[in-house]
Each structure stands twice: as structure tokens, then as C-alpha cells.
1. I'm trying to understand the selection: among the residues of region 276-310, which are in a strand (DSSP E or B) and not aromatic (Phe, Trp, Tyr)?
2. Inspect region 28-41 for any residue being within 23 Å of Thr323 (Cα to Cα), of a type in the set (Val, Ile, Thr) and in contact with a Ser or Thr (Cβ under 7 Å, 6 or more places away or on another chain) and give the result as yes or no.
3. Restricting attention to region 271-287, and to residues there that are at pLDDT below 95 and among the β-branched types (Val, Ile, Thr), which single residue is farthest from Arg370 (Cα to Cα)?
4. State whether one or more residues within region 287-306 are among the aliphatic types (A, V, I, L, M) and more than 25 Å from Glu386 (Cβ to Cβ).
5. Identify the residue in region 91-129 that is surrounded by fewer than 16 Cβ atoms within 10 Å (Cβ to Cβ) and farther than 28 Å from Arg60 by Cα and, among all such residues, is modelled with the lowest pLDDT.
6. If only one of Arg90, Arg144 is in contact with an Asp or Glu (Cβ under 8 Å, 6 or more places away or on another chain) and not small (Gly, Ala, Ser), which one is it?
Amino acid sequence: MPFEKSRNEFWLSQLEKHLTQERYSPQTVQQSRMIGRGFLSYLNKHRIVIETVKPIDITRYLQYALCRYRGRHQRDPRSLNAPKAFQWWRYSHTSSIYRLLRLVHGHWPPPPLPRTPAEIFQREVCEQYEEWMTDVRGWSPETRSNRSDETRRFLCWLGERGSRQGLLNIAAPVIDAYMMQRAKSLRRTTLKTRAVELRSFLRYLHTTGRLLLEPSTAIIIPRLYTFEDIASVLRPEDIKVLLEVTRKDRSPKGLRDFAILTLLAGYGLRAGEITALRLEDVRWRSETLRIRHSKTSVYSDLPLLPRVGNAILDYLRKGRPQTPAREIFIRTCAPYRAFKSGSSLHRLISLRFEAAGIKPQGRRGPHAFRHSRAATMLRAGVPIKEIGDVLGHRSAKSTNAYLKLASEDLRAVALEIPVEVNA
């Protein structure tokens, strides 16, 4: 018993030290320590070693803690008629326990263990495919993540048909059925992306001898015609209002969001290029901004616009949390980390649009700013080559797609249809 008590105190002190270093609030540190103590006592009572804890043990502890709460207070946490309040009680317990278990296990929750030979094989294939994408193809982390997600979704859909022998002899109708199921909830452009990702995985299987079917004929990819869509473009007046409203928010989050929005509006950067910006990428003496383009992995040195430089400097001085991270933009709550990927900016931007009372007609994500910047440069007569350099395109073909953004200019020079033809 004294040994177990000393072990509990060791892990609780480690938890408190870790949360303090990560700059969690004193209230959160105290709450996590209290819940962690209760969880460790429960494990000791049931003779469970914390190093061997399983997800089912947490579920049973929550049931046990809820029963104790009811016995002590003669009621549920606040009220079961208020789902959010009850969920908050559950969230506060699970998050505190997860923080403790991450210290012990390194990560939590653990990935589910494969239960059948097919699942074991599928896990092995996914791990090897991830290595192939990294070592052979050299794809970016975001590309690898997207293709791995689609791979796991496909194998999960196959189920037991995704065994070593079943995958080897898979036929085109099975893949067609999967794509038809995916098509029910996806736009045509998104479906094409998912089809390309799946074909890449099938090619890997074919190359490594795990699939007999030829992938090039197994997947029918939706045809998209050049310039068939006019991309979503934000109006200059909407961007101006958005920036002005965000600039008035002098909180750390407001300072950060304003700097991000000025980067989007000023350069048309990809979201991933903004979240990957590091402190050393802003070269104050030479007044340049070093950008690593996520798609091509090449670097560009862009002139540091005064408004962008002032916004970043304001955020660094008054809004950025103290953290050893080298990325410029950091989350505003503990643990203070950089954004995981560019997709993290979507909600941030949507909330800023709502705060400004702006309802864009099309998309309101980071890429809409990119399209708007390209349209502005087109209307200003900037050569296509220079637009491509700013946007980080590898070839002029990529930049030519933005010509369709000048749709209003094309309408201005369109010929009128004779009356006789109209009749």
C-alpha cells in the first residue's frame, strides 16, 4: 500500500509539473490533479496497474465516479436534462485522465488493436504505404494524411474482404460499389480527389504484388472540364470590412487572427504555408518574407508588406504566448502549440466573417482569399508569370486557371447578340 501511494504521488506530481510547464491555468492544474487522484485510487482498489490501463477501465471509472457523485449530492451533475452540462462533467474527467495517461503511455487514447487476420494485414499495409509515400514519393505530410485517411476508409469498408487473399483478387465491381457509396455524400470535384487518392493506393498494391487488377482501368474518375467553374472570389469591400473589424479586436486571439488575415489578403498564401511560417522566415533587416510553398516545396522571398509586417510585429509583442515553438502562429489556449495544418484556419476565418456580419456568396475559407488576390492582380494588369511567382506555381498552366476569375472583365467586352438571333 505505501508503495502504491508513493507511485500515485509520483505521477500526480509529474502531471502537475507538466501542466504548469504547458501554462495551463491553476484551476485546470488543480482539477486535473484531483480527478487524477480519484482515478489512481480506483485503479489501486481494483488492482489495476496504470501502465496496463485499457479504455474500458476509463469507462468503468466514469460509471463509478458518477455513482459516487449521485450518492454524495443526491442528484446527477447539474441535470441530465441539460446535456451540455452533463457532457462537460464527462469531458472534464476524461480530459484530465487522458493528460495523466499521456504522461505514462506517451500517447492516449491508443489506436484500436487489430482483432482479425484481415485487420492485422490491413494495418501492416497502411504502415508500409505510409513509408512508401514518405521515402519513395516524398509527398507532403498533408498529402500523406489525406491519402492514408482514404486508404483506411476503403479497407474498413472492405472489412473481411480486405484480407491478403481477398485484396489480391479484388474485382472492379467491388471498387465501383465503393465509389458509388462515396459519391452519395461528395461533390464531383471532391469525388475526383478521393478517386485519385484511391487509385494511388491501388497502384501501390499492384506494384508490390498485393493486387492483380490493373488500377488504371479499375477506377472511373469524374471528368472535370477546364474552367468549368468560376472559383469563389471575395469582394474587395468585404475583405476591407473584415480586416477593419478584426483589427479592432485587441485580444491575443484578435491580434493573431488579424495578422493571419493580412497575410491571406496581401499575398494569397495557402493556409498550410501560413501555419508553417517560422520566426526566422520574417527577415526584418531585408524586409522580406520567406515562404515555403507546400505543393512544390520550393522557397520564395516576397517583399514584406508594411501592413503585414506591422500586424505580425504587433502579434509577436502583445499576443503570442511564450513558447519554445518556432512557428509564428500559436493556439491561444494551453497547451500552446502551433496549428496542426492549414485546415485549422477554416473555422477561425468563418468566425471572423460572422463577427463582421459578412456572408460571402461562395466559399469563405482561406483559398477564397487566394482567388481574390489572383483576380486583383489580373485586373491590375500583372503578367501571368509574376502572378505565378507570387502564388508559388510551378508552371504557367497552374496560373492560367485563374484567368477565369476575370469573368466580369470578359463580360465587359462580350459582343451583344443581334435582335434577329434573339427572336
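1. Arg278, Val282, Arg283, Thr288, Leu289, Arg290, Ile291, Arg292, Ser300, Asp301, Leu302, Pro303
2. Taking every residue of region 28-41 in turn, at least one turns out to be within 23 Å of Thr323 (Cα to Cα), of a type in the set (Val, Ile, Thr) and in contact with a Ser or Thr (Cβ under 7 Å, 6 or more places away or on another chain).
3. So, considering only residues that are at pLDDT below 95 and among the β-branched types (Val, Ile, Thr), the one farthest from Arg370 (Cα to Cα) is Thr275.
4. Scanning region 287-306, I find no residue that is among the aliphatic types (A, V, I, L, M) and more than 25 Å from Glu386 (Cβ to Cβ), so the answer is no.
5. Pro117
6. Of Arg90, Arg144, the one residue that is in contact with an Asp or Glu (Cβ under 8 Å, 6 or more places away or on another chain) and not small (Gly, Ala, Ser) is Arg144.
Residues are listed down the side, and each one gets a yes or a no for (1) outside any helix (DSSP H, G or I); (2) surrounded by 15 or more Cβ atoms within 10 Å (Cβ to Cβ); (3) not hydrophobic (A, V, I, L, M, F, W, C):
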position: Thr151; (1), (2), (3): no, yes, yes
position: Arg182; (1), (2), (3): no, yes, yes
position: Arg223; (1), (2), (3): yes, no, yes
position: Leu234; (1), (2), (3): yes, yes, no
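Conditions tested, residue by residue: (1) over 16 Å from Leu101 (Cβ atoms); (2) of a type in the set (A, V, I, L, M, F, W, C); (3) within 29 Å of the chain's Cα centre (by Cα).
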{"position": "Arg7", "(1), (2), (3)": "no, no, no"}
{"position": "Trp11", "(1), (2), (3)": "no, yes, no"}
{"position": "Thr20", "(1), (2), (3)": "yes, no, yes"}
{"position": "Arg23", "(1), (2), (3)": "yes, no, yes"}
{"position": "Ile35", "(1), (2), (3)": "no, yes, no"}
{"position": "Leu40", "(1), (2), (3)": "no, yes, no"}
{"position": "Asn44", "(1), (2), (3)": "no, no, no"}
{"position": "Thr52", "(1), (2), (3)": "no, no, no"}
{"position": "Tyr64", "(1), (2), (3)": "yes, no, no"}
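The values are calculated or read from the model by the stated rules, or taken from the named source; none is laboratory data. Because the structure is predicted, anything quoted here is derived from the model rather than measured. Positions of Cβ are backbone-derived with ideal geometry, glycine not excepted, and every protein chain shown enters the neighbour counts.
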